[in-house]
Every structure is written in C-alpha cells, then in structure tokens.
1. Using Cβ counts within 10 Å as a stand-in for footprinting exposure, how do 70, 225, 208 rank, fewest first?
2. How high is the relative contact order of the range 176-300? Use alpha-carbon pairs under 8 Å, at least six apart in sequence, and give a whole percent.
3. Relative contact order (percent) for the range 1-47, with alpha-carbon contacts under 8 angstrom and 6 or more residues of separation?
4. Using the reciprocal of the averaged 1/r over all distinct C-alpha pairs, how large is the Kirkwood radius of the range 210-277 in Å?
5. Multiplying the sequence separation of residue 90 and residue 202 by 0.36 nm and subtracting their Cα-Cα distance, what value in nm do you get?
6. How big is the C-alpha Rg of the range 262-303 next to the rule-of-thumb value 2.2 N^0.38 Å, as a ratio?
7. I need 30, 254, 241 ordered by Cβ neighbour count within 10 Å, fewest first.
8. Determine, for 103, 139, 268, the number of other Cβ atoms within 10 Å of each Cβ, and report the residues in order from fewest to most.
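Computed from the coordinates by the stated procedures, all read-outs in this text should not be read as laboratory data. This structure is a prediction, so every number in the text was calculated from the model and none was measured. Note that each Cβ is placed from the backbone with ideal geometry, even for glycine, and that neighbours are counted across all protein chains shown.
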Ligand code: NAD
C-alpha cells in the first residue's frame, strides 16, 4: 500500500521501518532532517512536507508527541491550513484512511475526527502500548477508536507494526483505554522504583530483590521487561543512563490526560494523581528528556 508516515521519533521511526520491511511503499515526513535521512536509508521515500507525503497515499499515519501537534497537523495552526484541507483539495474519488497513533486526549480526538468526517475522511485514534522495544520488534498493541469499517481497513496495516490489535469502541475510546493503561503504568513504575530503593537501602542486591518480587505477588511489567534499576536488566533504558525510550515528559503528559479525564467524568484517581505529581517533580528537576524509568533517581537522591 502507499502509506504516508508523519512523525519519526522514538516510536514512529521503528514503526515506519516495519512498514517498509513489510513491503509497503512508505513516504515519510518529520521536522527533524536526520530522522528522515535514517528512514530513507531503510528504503522509505522522504517528502518536504506532511502534505507532500500524504499526496496520493492510501493510508496516512501520524505519530506525534501530543494533542497540540496532532491538531496543528490536521487542522492547521497560526492561520495556515491543515492536512485535512490539503487532502480534501487533492482527493479524487478515493480518500486515504487516516490513523493517528499518538497518545492525546479523547476530546482532541473527537475534534479532529469530526473535522475529518465533515470532509469525508475516516480518522481513527490508534494509540499504542509496548514501548520502543515493541515498536522495533513489531509487537505493539494498537488500541483503536472509530468506526468498525475503518478498523477493519486499518487492521492489515497495523499488523505490520503490532501483534495485538484491539477495537476499543467509537472515536476517542482508543485513547480512554490507553490513558487508563498508562496511568496504571505510571503508578506501577513509581511503585516498583520505590520498592527497589527501599530494599537496596536495607542491604538488598537490586537484582536479587527484582527476581524475588518478579516471582512473587509484586510481579509486574516493569520488573518483567523494564527494570528501572541500572544494571539489573540487559537492554533496559536504565542500563544506558535512561537515554531514549519513553520520555518522562510524555509520561507526565499521559498522567495529565488521566487527570483531565477524571475531572471530566467525576472519577477519583488518587494513585494516578500521586504518580502525576511524582513525574512532574522529576521532570522539573531536569529529567524530562530521560526515559520515564529514571523516576528511580528520585528515590536515590542524596546517595
Ligand atoms: P518523540 O518525541 O520521540 O517523537 C515525536 C516526533 O514527532 C519527533 O521526531 C518530532 O520531530 C515529530 N514531530 C512533531 N511535530 C511534527 C509535525 N508537525 N510534523 C512532523 N513531525 C513532527 O515521541 P515518541 O516517543 O515517538 O512518542 C510519540 C507518541 O507515542 C506520543 O504521543 C507518546 O505519548 C506515544 N507513545 C510513546 C511510547 C514510547 O515508549 N516512547 C510508547 C507508547 C506511546
């Protein structure tokens, strides 16, 4: 298929790469030149703008940091037209399916999806879980919101990048599920870091303690695949000074989305609020661009 891929960051680059490997004709665009060069080296074409990448595409996929970027891309910003207008102007009889895999608020999804619908496009929210490791391995979980017909159309494309593809419900439902998941992830990563720091302060070897908790009732995803203590797990972000991965600022953003969702639905999220404050504090101490498992450092201050 002819696919446009916009946003080649920690996640987007390996996702686009897997689409190329699956034999798709992929045209990429990112604001960062070197990100496009890397994909070009893997067999993708590069475009000078998002509009140019999307022209003639059967599927448009975006993977951007936050709602402000997604709305800016599709709806336009500072008076400039967005990609939806540009696509409408180019569109002949067939219109590309649009899939946004960024994690943004359900409200932003509904705004953009409604604008797309008005112009005759199907716009799906398809946030992912599985991290950079999952993006590289092509084993991401996609959590899709939008019409069932659009979901069926998207599935074969998503299967080139992921293993588990869920239809969560209507527009925005993908984000609701993703936000719940990431709130839980923020809580369990900070809880895991807290438990490890307590054990080490009391003489435990972090690797031994991790193994014990992994096989006990405290076992969780962070202990299994994303241990936050440096040197415990080969290949983890902790082992490379927390470079790359899922940034603290993005986790703080997702916990903010959970907080907004709770406010709007009058739900109480005391643990999520605690985690939001921890990651916000950690970010304010200069760790926003480190992987989120660096929350471990917050518990090691003064060592
Ligand atoms: P990132 O910051 O590494 O990458 C974002 C990319 O988007 C950058 O390369 C940036 O230059 C590009 N960009 C921004 N605005 C653009 C525009 N208008 N046009 C073209 N390119 C633009 O972020 P990431 O880690 O790849 O995450 C992307 C999304 O996926 C976020 O919403 C994040 O919350 C979510 N997510 C990340 C992970 C993870 O482990 N990193 C896991 C699951 C979900």
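1. Fewest-to-most ranking of 70, 225, 208: 208, 225, 70.
2. Answer for the range 176-300 is 33 percent.
3. Answer for the range 1-47 is 39 percent.
4. About 13.9 Å, per the Kirkwood formula over Cα pairs.
5. 33.8 nm
6. Taking N as the residue count of the range 262-303, the ratio is 1.39.
7. Arranged by neighbour count, lowest to highest, 30, 254, 241 become 241, 30, 254.
8. 268, 139, 103
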